[in-house]
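Everything on this sheet refers to the single structure shown next.
The values are calculated or read from the model by the stated rules, or taken from the named source; none is laboratory data. In this text the structure is predicted, and so the values were computed from the model without any measurement. Virtual Cβ from ideal backbone geometry, glycine too; neighbours counted across all protein chains shown.
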Amino acid sequence: MKQNRSAVIMTLLVAVFFVGTAYAGDFSDTIEVFKKSPVVQPFFKNTYGYAVFPTVGKGGLGIGGAYGKGQVYQGGKVTGETKLMKVTIGLQAGGQGFSEMIFFKDKRAYDEFVSGKFEFDATASAVAITAGAQAKAGTEGTTAGASAGSNSDKQGKASYSNGMAVFVHTKGGLMYEAAIGGQKFSFEAK
């Protein structure tokens, strides 16, 4: 029985890794989805820099994990590549894919993130945005607006916490969680 459970857990973790890499998506398309959210728009106007993860794959069955590759921007230019990793233990089952953006309010927050070993603590949280009703498909591809999801506060406003603001856009799956505590990031300058 333990061998079967271990095999299931390893399969899920491998699937998370491949979802996060193979289904990575396009950086500019992901940025455009976030730019369409009225909650996120102010952050693009007043940010020192940001990190973009087109797809983070997450899965678990008792033991879980998440993985995604991203890019870090400062002054509108790519400054490096980043990886997100998370391991979780607890009551959980399922899988999910989501996009994530982290905004850096100032140079201090940016420098802290690109130090190479940044980690969100267990109290960190994110504002979830969802594709809006104006989504449409056509010959040019699919487009969708974004609006504040159920995890934004009553006014649909978001703010920086310790110089960073985090937004997630759920792409699909059977798990829903905007909490980001425990995420670890690595950074490699270009």
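Candidates in the stretch 160-180 are the residues that are farther than 18 Å from residue 84 by Cα and of a type in the set (Gly, Ala, Ser); of these, the one that is modelled with the highest pLDDT is 163.
Residues checked against (1) modelled with pLDDT of 95 or more; (2) in a loop (DSSP other than H, G, I, E, B):
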site	(1), (2)
37	no, yes
51	yes, no
54	yes, no
60	no, no
63	no, no
67	no, no
73	yes, no
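Taken as a whole, the stretch 36-59 holds no residue that is hydrophobic (A, V, I, L, M, F, W, C) and either over 23 Å from residue 171 (Cβ atoms) or more than 17 Å from the chain's Cα centre (by Cα) (or both). Of all positions in the stretch 100-111, none carries a residue that is in a strand (DSSP E or B), over 18 Å from the mean Cα position of the chain (by Cα) and either more than 10 Å from residue 48 (Cβ to Cβ) or aromatic (Phe, Trp, Tyr) (or both). Suppose we keep only residues that are of a type in the set (Gly, Ala, Ser) and modelled with pLDDT under 75 within the stretch 104-133. Which one would you say is farthest from residue 164 (Cα to Cα)? Result: 133.
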